[in-house]
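Asks: Can you read through this structure? Questions will come right after.
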Amino acid sequence: MKLRSHIITMTVLAVISDAILIPFYPQFFSARYGIDSPVHVGAYVAAISIAVMCTLPFWARVARRVEPLHLLVYTQFAAGTFSLLSDWAPSVEIYWALSMLMFMCKSSYLLMYPYMMRLTPKEEHAATIGILSVVVHFGAIFGAVVGGFVLQTWGPRASIFAMAAGDYFQMAVCFYLIRSGKIIRVNTGAQALAEATEARRVGLLARLPVLRLALVMLMFDFSAYLIRPFFALYWQKITGNDSELLSGMAFAIPGVVAIAALRLHAWIRARGGELPDHTVGNLLLGAAGLLLHAAPDPLLVVLGRVLYGWAFFQIIVKLEVNLFRLSTPQRYAQDYSITNFFQNMGVLLSSFAAGAIVNRYGLHLPFLLAAGGFVLTALLDRLILKVPSAGHMDEGGNAANANPLKEPAHAN
C-alpha cells in the first residue's frame with residue numbers, strides 16, 4: 001500500500017473517531033450526567049473548536065522541526081489515553097478537562113492534509129482535495145451511523161472507547177510507516193532548510209490573500225455548522241421516532257451525496273471534460289436546501305439534505321483548491337493552520353449561537369439563519385476573494401504574476 005493510501009486510511013479513522021458523538025452530544029450529556037441544556041451542548045462543541053484552533057498552529061510550528069508522522073505517534077497515543085481517562089470522569093467538569101486535552105492532542109492529525117498536498121503535484125490538487133473531502137464525508141456517514149448504533153446499544157461508555165480506538169489505530173499506522181521506511185521526509189536536508197527559512201520571511205502583507213480567503217471560510221463554516229449540533233434532535237421531533245440510528249442516517253445524507261458528486265467529477269475528468277465552476281450558484285443552492293430543512297416534513301428535510309450535501313461538497317473543494325493556489329509548498333502547513341483557525345472560529349461561533357438560538361427560539365431557526373449565512377458568503381466571495389486561476393500558476397505552484405498583492409482575474 002502506498003503512503004498516500006495509508007494517509008487516507010488514517011484520515012478516515014480520524015474523522016470516524018471524531019464523528020461518533022458529534023450528532024449525539026445532547027443525548028450523551030443527558031444519559032451520562034443528566035444535563036439537558038442546549039446551551040451547555042453548544043458551549044461544549046464550541047470548546048472543541050477552541051481547543052483545535054489554539055493547538056493546530058502550535059503543532060504546525062513543531063512540525064517544522066519534527067517529521068509529521070513522528071509527531072503523530074506521540075500525539076495520537078496521548079489523545080487515546082485522555083479519551084480513556086475521560087471514561088473515568090466522575091463529574092462533568094472533569095470530563096470537560098480530560099476530553100479537551102484529548103481534542104488538543106487529536107488536532108495534530110490535521111497536519112496530514114498539508115503534508116499530503118506537499119507530496120501531490122499541483123495539477124492533481126483538485127482531484128486529491130475532492131477525495132479527501134469525500135473521505136471526511138464518508139467518515140461522517142460511518143461515524144454518525146456507528147455512533148448512533150453504539151450509543152443506542154451499549155451506551156455512552158462504549159462511544160468513548162470507540163473514539164479512543166480510532167486514536168490508537170492512527171498511532172499504529174504512523175509507527176508502521178516509520179518502521180517500514182515508507183515515509184517521505186519534508187523537514188530534513190538542504191532544500192527543506194531553505195524552504196523553512198523562506199517561509200519564516202513571509203510577512204503579514206504577503207499573507208493578505210490567504211487572510212481574505214480565511215474570512216470567506218469563516219462565514220461559510222459558521223453557516224454550514226450552525227445546523228449541526230441539534231439536527232438529530234430536530235429529526236427525532238419531526239418524525240416522532242427517537243431512534244439514534246435513524247437520526248444518524250439522516251444526519252449522514254450529505255456524505256452520501258458527496259460520494260456521488262466525487263464519482264461524477266471523476267467521470268467528467270476521465271473523459272477530458274471541464275468541471276463547471278459555479279461557487280455562487282452552489283451557495284444559493286445550499287441556501288435553498290437549508291430553507292427546506294426548516295419545513296416540518298421529513299421528505300422535504302431529506303430533499304434539503306441532498307441539496308445541502310451537493311453544495312457543501314462543491315464549495316469545500318473550491319475553497320481548499322483556492323488555498324493551495326494562493327500558497328506555496330513550503331508554506332502549506334502554516335497557511336493551512338491560518339485558514340483552519342478561521343474555520344474553527346466559524347464553528348466556534350456557530351456552536352455558541354446554535355445553543356442560544358435553540359434554547360430561546362426552538363429547533364427550526366438555525367436552518368433559516370444558516371441559509372442567510374450562505375447568501376452572505378456568496379456576497380463575500382464576489383466582493384473580496386480574488387484567486388489566480390489554474391492557468392495563471394507556474395510549475396512551482398506560484399502565481400505567474402510575481403506580486404502576490406496584485407489583484408488577479410477572479411476565478412470563482
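Asks: Do we have any residue at all in region 152-159 that's assigned to a helix (DSSP H, G or I) and within 27 Å of S5 (Cβ to Cβ)? Outline the logic, then answer.
Replies: First, the residues of region 152-159 that are assigned to a helix (DSSP H, G or I): 152-153, 156-159.
From what's left, within 27 Å of S5 (Cβ to Cβ): none.
No - not one qualifying residue is present in region 152-159.
Asks: Of everything in region 288-330 that's small (G, A, S) and buried (at least 23 other Cβ atoms within 10 Å of the Cβ), which residue is nearest to W235 (Cα to Cα)?
Replies: Of the residues in region 288-330, the ones small (G, A, S) are 288-289, 294-295, 304, 309, 311, 327.
Still in the running and buried (at least 23 other Cβ atoms within 10 Å of the Cβ): 289, 304, 309, 311, 327.
Working: G289: 15, G304: 13, G309: 17, A311: 21, S327: 41 Å.
It comes out as G304.
Each row is one residue, and each column tells you yes or no for (1) surrounded by 13 or more Cβ atoms within 10 Å (Cβ to Cβ); (2) modelled with pLDDT under 85; (3) within 20 Å of Y115 (Cβ to Cβ).
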position	(1), (2), (3)
L151	yes, yes, no
A164	yes, no, no
Y168	yes, no, no
M171	yes, no, yes
T188	no, yes, yes
Q191	no, yes, yes
P209	yes, yes, no
R212	yes, no, no
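Asks: Next question, about the same structure. Can you find, within region 344-354, the residue that is nearest to the chain's Cα centre (by Cα) among those that are buried (at least 23 other Cβ atoms within 10 Å of the Cβ) and at pLDDT 85 or above?
Replies: So the residue we want is G346.
Asks: If I go through region 3-34 residue by residue, how many of them are over 21 Å from G248 (Cβ atoms) and either touching a strand residue (DSSP E or B) at 6+ places or on another chain (Cβ under 9 Å) or part of a loop (DSSP other than H, G, I, E, B) (or both)?
Replies: In the first step, residues of region 3-34 are kept if they are over 21 Å from G248 (Cβ atoms); the result is 3-10, 33-34.
Next, only the ones that are either touching a strand residue (DSSP E or B) at 6+ places or on another chain (Cβ under 9 Å) or part of a loop (DSSP other than H, G, I, E, B) (or both) stay: 34.
Residues flagged as over 21 Å from G248 (Cβ atoms) and either touching a strand residue (DSSP E or B) at 6+ places or on another chain (Cβ under 9 Å) or part of a loop (DSSP other than H, G, I, E, B) (or both) within region 3-34 amount to 1.
Asks: Return the residues of region 266-279 that are closer than 17 Å to A311 by Cα and either among the charged types (D, E, K, R) or at pLDDT 75 or above (or both); say none if nothing qualifies.
Replies: If the condition is that a residue be closer than 17 Å to A311 by Cα and either among the charged types (D, E, K, R) or at pLDDT 75 or above (or both), then D277, H278, T279 are the ones that fit.
Asks: Can you tell me which residue among L285, L299, L303 is over 21 Å from the mean Cα position of the chain (by Cα), closer than 19 Å to L369 by Cα and either of a type in the set (A, V, I, L, M) or assigned to a helix (DSSP H, G or I) (or both)? Don't jump to the end; show me each part of the working.
Replies: Working: L285 fails: over 21 Å from the mean Cα position of the chain (by Cα); L299 fails: closer than 19 Å to L369 by Cα.
Answer to the check: L303.
Asks: Where residues in region 82-98 are part of a helix (DSSP H, G or I) and in contact (Cβ under 8 Å) with a residue 40 or more places away in the chain, which of them is nearest to A47 (Cα to Cα)? Outline the logic, then answer.
Replies: Restricting attention to region 82-98, the residues satisfying the condition of being part of a helix (DSSP H, G or I) are 82-88, 92-98.
Okay, now just the ones that are also in contact (Cβ under 8 Å) with a residue 40 or more places away in the chain, so 83-84, 86-87, 92, 95-96.
Details: S83: 16, L84: 19, S86: 16, D87: 19, V92: 14, Y95: 13, W96: 9 Å.
If we take residues in region 82-98 being part of a helix (DSSP H, G or I) and in contact (Cβ under 8 Å) with a residue 40 or more places away in the chain, then W96 is nearest to A47 (Cα to Cα).
Asks: Further, regarding this structure: Which condition number in (1) under 28 Å from A356 (Cα atoms); (2) part of a loop (DSSP other than H, G, I, E, B) is the one that V66 fails?
Replies: Only one criterion is unmet by V66, namely (1).
Asks: Just one of V39, V66, V45, V12 is in contact with a Pro (Cβ under 8 Å, 6 or more places away or on another chain) and either buried (at least 20 other Cβ atoms within 10 Å of the Cβ) or at pLDDT below 85 (or both); which is it? Even if it seems obvious, please write down each step before you answer.
Replies: Details: V39 fails: in contact with a Pro (Cβ under 8 Å, 6 or more places away or on another chain); V66 fails: in contact with a Pro (Cβ under 8 Å, 6 or more places away or on another chain); V12 fails: in contact with a Pro (Cβ under 8 Å, 6 or more places away or on another chain).
Result: V45 is the single residue among V39, V66, V45, V12 that is in contact with a Pro (Cβ under 8 Å, 6 or more places away or on another chain) and either buried (at least 20 other Cβ atoms within 10 Å of the Cβ) or at pLDDT below 85 (or both).
Asks: Consider only pairs whose beta carbons are under 9 Å apart and that are at least six residues apart or on different chains; among these, list those whose first residue lies in region 215-244 and is without any contact (Cβ under 8 Å) to a residue 40 or more places away in the chain and whose second residue is among the aromatic types (F, W, Y) and surrounded by 24 or more Cβ atoms within 10 Å (Cβ to Cβ).
Replies: N241/W235
Asks: Right, something else. Taking interchain pairs and intrachain pairs at least six residues apart, which have beta carbon atoms under 7 angstrom, with the first residue in region 58-70 and in contact (Cβ under 8 Å) with a residue 60 or more places away in the chain and farther than 12 Å from P114 by Cα and the second surrounded by fewer than 14 Cβ atoms within 10 Å (Cβ to Cβ) and polar (S, T, N, Q)?
Replies: From residues that are in contact (Cβ under 8 Å) with a residue 60 or more places away in the chain and farther than 12 Å from P114 by Cα, there are no pairs.
Asks: Is it the case, given these coordinates, that A333 is crowded, with 19+ Cβ neighbours inside 10 Å and modelled with pLDDT of 85 or more? Can you show your working first?
Replies: On the way: crowded, with 19+ Cβ neighbours inside 10 Å: yes; modelled with pLDDT of 85 or more: no.
Taking the combined requirement at face value, the residue does not satisfy it.
Asks: With the structure loaded, tell me whether A79 is in contact (Cβ under 8 Å) with a residue 24 or more places away in the chain, in contact with a Pro (Cβ under 9 Å, 6 or more places away or on another chain) and under 25 Å from R4 (Cβ atoms) or whether it fails that test.
Replies: Numbers: in contact (Cβ under 8 Å) with a residue 24 or more places away in the chain: yes; in contact with a Pro (Cβ under 9 Å, 6 or more places away or on another chain): no; under 25 Å from R4 (Cβ atoms): yes.
Taking the combined requirement at face value, the residue does not satisfy it.
Asks: Name the residue, out of N282, N359, that is in contact with a helix residue (DSSP H, G or I) (Cβ under 9 Å, 6 or more places away or on another chain), polar (S, T, N, Q), at pLDDT 90 or above and surrounded by fewer than 24 Cβ atoms within 10 Å (Cβ to Cβ).
Replies: Details: N359 fails: at pLDDT 90 or above.
On inspection, the qualifying residue turns out to be N282.
The values are calculated or read from the model by the stated rules, or taken from the named source; none is laboratory data. Not measured: the values here are computed from a predicted model. Ideal geometry is used to build each Cβ from the backbone, glycine not excepted, and the neighbour counts take in all protein chains shown.
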